[in-house]
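**Student:** My questions all concern the structure below.
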Amino acid sequence: CPQVLAMERAELIARLALFPGSDVARMVELAPAAFLNGDWPPKAQQLEAASSLLRRELCGADLDFMFQEDPAILFEPLDSLQVGLRRLHELWPGLTPQALGDSEPLHLSLAVKALGLSGPPKGF
């Protein structure tokens with residue numbers, strides 16, 4: 001990807017360091033424009049805020065895999081993620097870290113996005 005080749009080393013390392021448990025190359029492959037276009041500081045803030053929120057609310061789930069295979073969830077508006085997470089907990093009372101760990105990460109991602117303000121992805 002030409003943008004990666006032109007990037008300063010420090011900036012590239014900063015982008016990789018946000019998700020040490022995920023294959024960042026895979027994340028960029030799946031969402032190149034989201035990661036590479038535009039200014040980095042606002043993207044970094046969004047990524048940190050979204051990943052922190054998801055890690056806090058979905059404790060026990062394999063979030064490294066979720067982020068790796070569905071990086072688009074990290075770019076969802078935070079208010080939409082909050083609504084989706086709240087609705088998920090309402091639909092699944094007593095949700096435990098064990099239950100989240102036993103859940104398919106991509107199904108959780110889809111559920112949070114579908115229950116959020118944006119609704120289900122088109123085509124479902």
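**Student:** Highest mean first, how do 31-37, 73-79, 88-94 rank when packing is the count of other Cβ atoms within 10 Å averaged over residues?
**Tutor:** 73-79, 31-37, 88-94
**Student:** What percent does the relative contact order of the stretch 2-115 come to when contacts are Cα pairs within less than 8 Å and at least six residues apart?
**Tutor:** Values: 94 pairs, mean separation 32.9, N = 114.
Once normalised by length, the contact order is 29 percent.
**Student:** Follow-up. What is the log10 of I(q)/I(0) for the stretch 2-115, computed with the Debye formula using one identical point scatterer on each Cα and no solvent, at q = 0.11, 0.15, 0.17 Å⁻¹?
**Tutor:** Debye intensities relative to I(0), on a log10 scale: -0.36, -0.64, -0.80.
**Student:** Scan around Ser22 for amide H atoms under 5 Å from its own, H built in the peptide plane at 1.01 Å from N, and keep only partners 5 or more places away or cross-chain.
**Tutor:** none
**Student:** By per-residue mean of other Cβ atoms within 10 Å, what is the highest-first order of 20-29, 106-115? Spell out each step's value before the answer.
**Tutor:** Values: 20-29: 15.1, 106-115: 18.6.
Descending mean neighbour count gives 106-115, 20-29.
Every number in this text was worked out from the coordinates using simple rules, so none of it is lab data. Predicted model only: the values in this text are computed from it and were never measured. Note that each Cβ is placed from the backbone with ideal geometry, even for glycine, and that neighbours are counted across all protein chains shown.
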